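The values are calculated or read from the model by the stated rules, or taken from the named source; none is laboratory data. All values reported here derive from a predicted model rather than from experimental measurement. Because the Cβ atoms are built from the backbone with ideal geometry, glycine has one as well, and the counts that use them run over all protein chains shown. Just so you know, the surface numbers come from the protein's heavy atoms only, side chains and all, with ligands and any DNA or RNA stripped out. Shrake-Rupley method; radii C 1.70, N 1.55, O 1.52, S 1.80 Å.
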Amino acid sequence: MATSPDSLIREQLVDRRQKLEAVIHGSTEHAQLTQLLNEVDSALNRINSGTFGICEFCHEPIEKEGLANNPLLRFCLDHLSPDEHRALEQDLDLASRMQRELLPKQNFSHGGWEIYYHYEPKGPVSGDYCDVVTHPDDGDGLFFAIGDVSGKGVAASMLMAHLRAIFRMLISAGLPLDQQLERANRVFCESIASTNFATLVWGKAAPNGKIELCNAGHCAPLLVRRGEVTSIKPTSLPLGMFCGGKFITEQLQMSRGECLVLFTDGLTEAANPSDVEYGTERLSRVVAGCASMSPQSLVRACLEDLAAFQSGMQKRDDLSMMVIHRSV
């Protein structure tokens, strides 16, 4: 029997309630947590009474996207007070600025590698994960990531920041790549709702041109080598699906001029006015024709081709793209 959306939300709220209670019992400063617990109980009562997702002012359904981002909502956007609207806009502006500050440096160059990325939220904030990290205890190697957290808006952006913090902590631990992923998956799985997950490409690039890579249920990266483009298919399940998941890595040896193109589905699933998706095949053709370009120029060429394809259509999702180029 199919599970109703309210049943899934009930499971999430019950899970959050249990976690809140555990924190409250172990803390002496919990006034705000108690208030949040009361809000969770109120949402559970609305589910039980059949009024969940109904605006308490106009008695019409609350916007689905808003409710998905925050299941504690009691009012639709049309019936927020002017002060509440201003507070919401300020919160979103602050969240957007904070997320931009979490992004890595642009035009990154290190250890014989050049990296350029494009990060484009659909709204004020994004659920895409994009990162480039070096660590002083790891020689001239660097770590890179691109991923996509399930969900939209502020809730997804919070999970993205959580995932970023987990991986940056594990880099410092000096673990092998597969163990980093296993531990990240365990922490992520134990700290999120059961319906959330994240697809991810996580890799490490060494000064000798070697790349170790794991694709955890994400869009297949494109390997550009001697003018040919091949896809690197997923080898593992997304993070957060199973706490005891195992992750398989693979090795690539990159030569000068070769590159790896990573992206989220906001690129390939973008649609034109006929509702035809951009697709991996078209992206591969563009990448093949621009293989000799710099990372920045290659990304720009792909985005220009996407804009021409969309013919003014609004984007459906967050969009991220990264090019990792072997420069020596």
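Return only the number of the condition from (1) without any contact (Cβ under 8 Å) to a residue 60 or more places away in the chain; (2) in contact with a His (Cβ under 7 Å, 6 or more places away or on another chain) that Val201 does not satisfy.
Going through (1) without any contact (Cβ under 8 Å) to a residue 60 or more places away in the chain; (2) in contact with a His (Cβ under 7 Å, 6 or more places away or on another chain) one by one, Val201 breaks only (1).
Working only within the range 242-259, note down all residues that are surrounded by fewer than 17 Cβ atoms within 10 Å (Cβ to Cβ) and out of contact with any Ser or Thr (no Cβ under 6 Å at 6 or more places or on another chain).
Phe242, Cys243, Gly244, Lys246, Glu250, Gln251, Gln253, Ser255, Arg256, Gly257
Would you tally the residues in the range 79-116 being within 22 Å of Val154 (Cβ to Cβ), modelled with pLDDT of 90 or more and open to solvent by less than 20 Å² (accessible area, probe 1.4 Å)?
Matching residues across the range 79-116 total 1.
Pairs only if they're at least six apart or on different chains, beta carbon under 6 angstrom, first in the range 296-321 and closer than 13 Å to Thr268 by Cβ and open to solvent by less than 30 Å² (accessible area, probe 1.4 Å), second among the β-branched types (Val, Ile, Thr) and not in a helix (DSSP H, G or I); list them, first residue then second.
The qualifying pairs are Ser320/Ile146; Ser320/Thr264.
Which one is surrounded by the most Cβ atoms within 10 Å (Cβ to Cβ) among residues in the range 144-184 that are among the charged types (D, E, K, R) and touching a residue at least 24 places away in the same chain (Cβ under 8 Å)?
Asp148
Strands (runs of 3 or more DSSP E) wholly in the range 169-267 with at least 2 residues that are small (Gly, Ala, Ser) and over 30 Å from Ser7 (Cα atoms) - which ones?
198-205
Any idea how many residues of the range 206-237 are crowded, with 21+ Cβ neighbours inside 10 Å and under 18 Å from the mean Cα position of the chain (by Cα)?
Count: 8.
Based on what the data block shows, is Leu283 of a type in the set (A, V, I, L, M, F, W, C) and more than 20 Å from Glu258 (Cα to Cα)?
So Leu283 fails the test.
Which of the residues that make up the range 305-328 are in a helix (DSSP H, G or I) and touching a helix residue (DSSP H, G or I) at 6+ places or on another chain (Cβ under 9 Å)?
Hits for the range 305-328 are Asp305, Leu306, Phe309.
Just checking, does the range 130-141 include any residue being within 15 Å of Met98 (Cβ to Cβ), open to solvent by 60 Å² or more (accessible area, probe 1.4 Å) and in contact (Cβ under 8 Å) with a residue 12 or more places away in the chain?
No, that holds for no residue.
Could you grab me the full set of residues in the range 45-74 that are assigned to a helix (DSSP H, G or I) and either within 28 Å of the chain's Cα centre (by Cα) or modelled with pLDDT under 80 (or both)?
Lys64, Glu65, Gly66, Leu67, Ala68, Asn69 - these are the residues of the range 45-74 that are assigned to a helix (DSSP H, G or I) and either within 28 Å of the chain's Cα centre (by Cα) or modelled with pLDDT under 80 (or both).
Can we say Pro124 is more than 16 Å from Ser236 (Cβ to Cβ) and without any contact (Cβ under 8 Å) to a residue 24 or more places away in the chain?
no
What are the residues in the range 261-284 that are open to solvent by 10 Å² or more (accessible area, probe 1.4 Å), over 17 Å from Lys315 (Cα atoms) and either touching a strand residue (DSSP E or B) at 6+ places or on another chain (Cβ under 8 Å) or of a type in the set (A, V, I, L, M, F, W, C) (or both), if any?
Ser284
Can you name every residue in the range 193-205 that is open to solvent by 10 Å² or more (accessible area, probe 1.4 Å) and in contact with a strand residue (DSSP E or B) (Cβ under 8 Å, 6 or more places away or on another chain)?
Within the range 193-205, Asn196, Phe197, Thr199, Lys204 qualify.
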